[in-house]
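Shown next, in structure tokens, is the structure this report addresses.
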Amino acid sequence: MAGREFHDGATDGLEALEPLDPEKIHSFSELLEAMRKTAFGGRRLGEAYETLAAMIEDSDCKVVLTLSGAMTIAKMGKIVSTMIDRGMVQAIISTGALVAHGLSESVGKLHYRHEASHSDEELFQKGYNRVYDTLEMESNLNYVEHVVSLTLKRINTEQPLSSHLLTRELGKTLAEEFEGPGILKSAYLKNVPVYIPAFTDSEMGLDVGTWAMGKRMDQARSQVKEGGDMAVLRALHQTCPVFNPYLDLNHYAEEVLGSKRLGIFTIGGGVPRNWAQQVAPYIEISNTRLGLNVQPPRFHYGVRICPEPDYWGGLSGCTYQEGISWGKFVPPAEGGRFAEVLSDATLVWPLLMVGLLERIPAKSVPA
């Protein structure tokens, strides 16, 4: 058996770690930069900060933000609107619930801390909806429906609707009728499209559905002769909004095609993450089946904040490295740069944001 060789890390080109010296740190950005040269979760956070800053500072990179989880309920909504206002993101893909709860905030409504002494049965009777340790009042969501209805009255609903069209128009309503910040308001003012792939899985989706049925209410009641309200509801269920999700898919594809570089910043995972990433397979499939020759848009940068590990097999935990096999990401050997933090976003996202605000001046973004 051959004897061991005792190498020196420096001569092998390894990067030396450094003790984190709190007396030399005077800002969040300095702290995050120092954490990159530590270990474990701290190093992951530092690497995420450097990668996120790199994608935002890259003037040729279009950044896509994907959002899942109850981030607006958790009071992270102002972080999203600030990222839009500062030109850090150019497209957003989100769950509908997250946007709906953000709408609640945008029109001046409040969320409240849940006290363990209140049972869920009591909360239901009082009109409180619990999300872990926080409460959304049902009256808030009813007012959101008022804002949705106000918007639908203004637009031509005979044309096919899509989530990016509706979120843009909701943002216009907020900009014209309500004071204060908001995700959709900022997105409208900065011309950042907001897509909600699973639109019907949200309060807004239900609002649009009941709005369409409400237009036929008198007709349904006059036609139904027996069976009571159940029969009326079944008749109303034959009325659906003119909604075409492929308008979103193709609009998003057009937004990212031709970009010199793409970056993705993912909070959580789920449908928003996959929908954002499937654009490359969509173009590649089109090439194969339609005889086209279009360069598929792949992500050069990626930062993921999600506590789910990959060994559970769910998409939310899927690594960017795995996504390379699907043609969604540029491999590191070709310049791809990725970082993943397995943590609660409410813990690390604010730290990253404050560090970015210290480091990066606001981009000039056309309104």
### Task
Please give the per residue accessible area of the chain, computed with a probe of 1.4 Å over protein heavy atoms only, in Å².
52
### Task
Would you look at the GNM of the chain, springs on alpha carbons closer than 10 Å, and say which of TYR143, TYR49, TYR301 moves the most?
TYR143
### Query
Can you give the FRET efficiency for GLU15 and THR210, using 1/(1 + (r/R0)^6), R0 = 51 Å, r = Cβ-Cβ distance, to the nearest 0.05?
0.35
## Note on the structure
Per the rule of 0.36 nm per residue minus the C-alpha distance, extending ASN191 to TYR143 adds in nm 14.8 nm
### Summary
Quick shape check on region 193-292: root eigenvalues a ≥ b ≥ c of the Cα gyration tensor, a/c under 1.5 is rounded, otherwise prolate if a/b tops b/c, else oblate, and it reads prolate
### Summary
So the pair-distance distribution of the chain, from every Cα-Cα distance in 20 Å bins, comes to percents of 25, 52, 19, 3, 0
### Query
For the residue pair PHE178 and VAL354, what label-to-label distance in nm results when each label sits 7 Å from Cα along the Cα-to-beta-carbon direction?
2.8
### Distance histogram for region 180-249 (every C-alpha pair counted, 10 angstrom bins, percent rounded to whole numbers)
17, 34, 27, 15, 7, 0
### Summary
In this structure, among LYS37/LYS62; LYS62/LYS190; LYS78/LYS190; LYS190/LYS328; LYS75/LYS172; LYS75/LYS185, pairs with alpha-carbon gaps over 19 Å are LYS37/LYS62; LYS190/LYS328; LYS75/LYS172
### Query
Spin-label point model (7 Å from Cα, Cβ direction): what's the ASN287 to MET230 distance in nm?
5.5
### Query
If r is the Cβ-Cβ distance from ASP58 to ASP8 and R0 is 30 Å, what FRET efficiency results, to the nearest 0.05?
0.30
### Query
Going highest first, how would you order 129-135, 74-80 by mean Cβ packing within 10 Å?
74-80, 129-135
### Task
In debye, nearest 20, what is the charge dipole magnitude of region 162-221 about its Cα centre with +1 on Lys and Arg Cβ and -1 on Asp and Glu Cβ, if you could check?
180
### Task
Would you be so kind as to identify which of ILE79, ASN142, LEU110 lies farthest towards the positive end of the dipole of region 67-155, taking Lys and Arg as +1 and Asp and Glu as -1 on Cβ and the Cα centre as origin?
ILE79
### Query
Around GLN223, what is the net charge, scoring Lys/Arg as +1 and Asp/Glu as -1 over all other residues with Cβ under 15 Å from its Cβ?
+2
### Summary
Expected sort for 115-127, 252-264 on mean C-beta neighbours within 10 Å, highest first, is 252-264, 115-127
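Strictly greater than 26 Å: what percent of every Cα pair in region 32-157 meets that?
Value for region 32-157 (Cα pairs over 26 Å): 42 percent.
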### Task
Determine the gain in length on full extension of the stretch THR346-SER325; use 0.36 nm per residue of separation and subtract their C-alpha separation, reporting nm with one decimal.
4.5 nm
### Query
Relative to the Cα centre, what is the charge dipole magnitude of the chain, using +1 at the beta carbon of each Lys and Arg, -1 at the beta carbon of each Asp and Glu, and rounding to the nearest 20 debye?
1000
### Query
After finding the eigenvalues of the alpha carbon gyration tensor for region 115-224, what semi-axes result from the square roots of 5 times each, listed largest first in whole Å?
27, 23, 12
### Task
Hand me the GluC sites (Glu not before Pro) from region 31-97 located in a DSSP loop with no more than 14 other Cβ atoms within 10 Å, in residue order please.
none
#### Entry: Relative contact order for region 218-367, counting Cα pairs under 8 Å that sit 6 or more residues apart, in percent
20
### Query
Shape call for region 239-367 from the C-alpha gyration tensor, a ≥ b ≥ c root eigenvalues: rounded (a/c under 1.5), prolate (a/b greater than b/c) or oblate?
rounded
### Task
Counting helices only, and only those DSSP H runs with n ≥ 4, report the 222 nm mean residue ellipticity of the chain as the sum of -39,500 (n - 2.57) divided by its residues, in deg cm²/dmol to the nearest 500.
-14000 deg cm²/dmol
#### Entry: Local electrostatic count, VAL99, Cβ distance below 11 Å [Lys/Arg +1, Asp/Glu -1]
-2
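Using a 1.4 angstrom probe on heavy atoms only, work out the carbon and sulfur share of the accessible area of the chain in %. Present the calculation step by step, with values, prior to reporting the outcome.
Numbers: 10190 of 19220 Å².
In the chain, the share of accessible area belonging to carbon and sulfur is 53 percent.
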### Query
What FRET efficiency do you get for GLN125 and ARG221 if R0 is 35 Å and r is their Cβ-Cβ distance, rounded to the nearest 0.05?
0.70
### Task
Return one number: the angle in degrees, 0 to 90 and rounded to the nearest 10, between the long axis of the Cα atoms of helix 345-359 and the longest principal axis of the Cα atoms of the chain.
70
### Formal net charge of residues neighbouring LEU141 (Cβ-Cβ distance under 10 Å; K, R +1; D, E -1)
-4
#### Entry: Length-normalised contact order for the chain - Cα pairs under 8 Å, 6+ apart - percent
23
### Query
So what's the angle, to the nearest 10 degrees on a 0 to 90 scale, between helix 163-177 and the longest Cα principal axis of the chain?
80
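The values are calculated or read from the model by the stated rules, or taken from the named source; none is laboratory data. On a predicted model such as this, the values are computed, not experimentally measured, just so you know. Ideal geometry is used to build each Cβ from the backbone, glycine not excepted, and the neighbour counts take in all protein chains shown. Accessible surface is based on the protein model in full, side chains and every heavy atom, while ligands, DNA and RNA are left aside. Shrake-Rupley method; radii C 1.70, N 1.55, O 1.52, S 1.80 Å.
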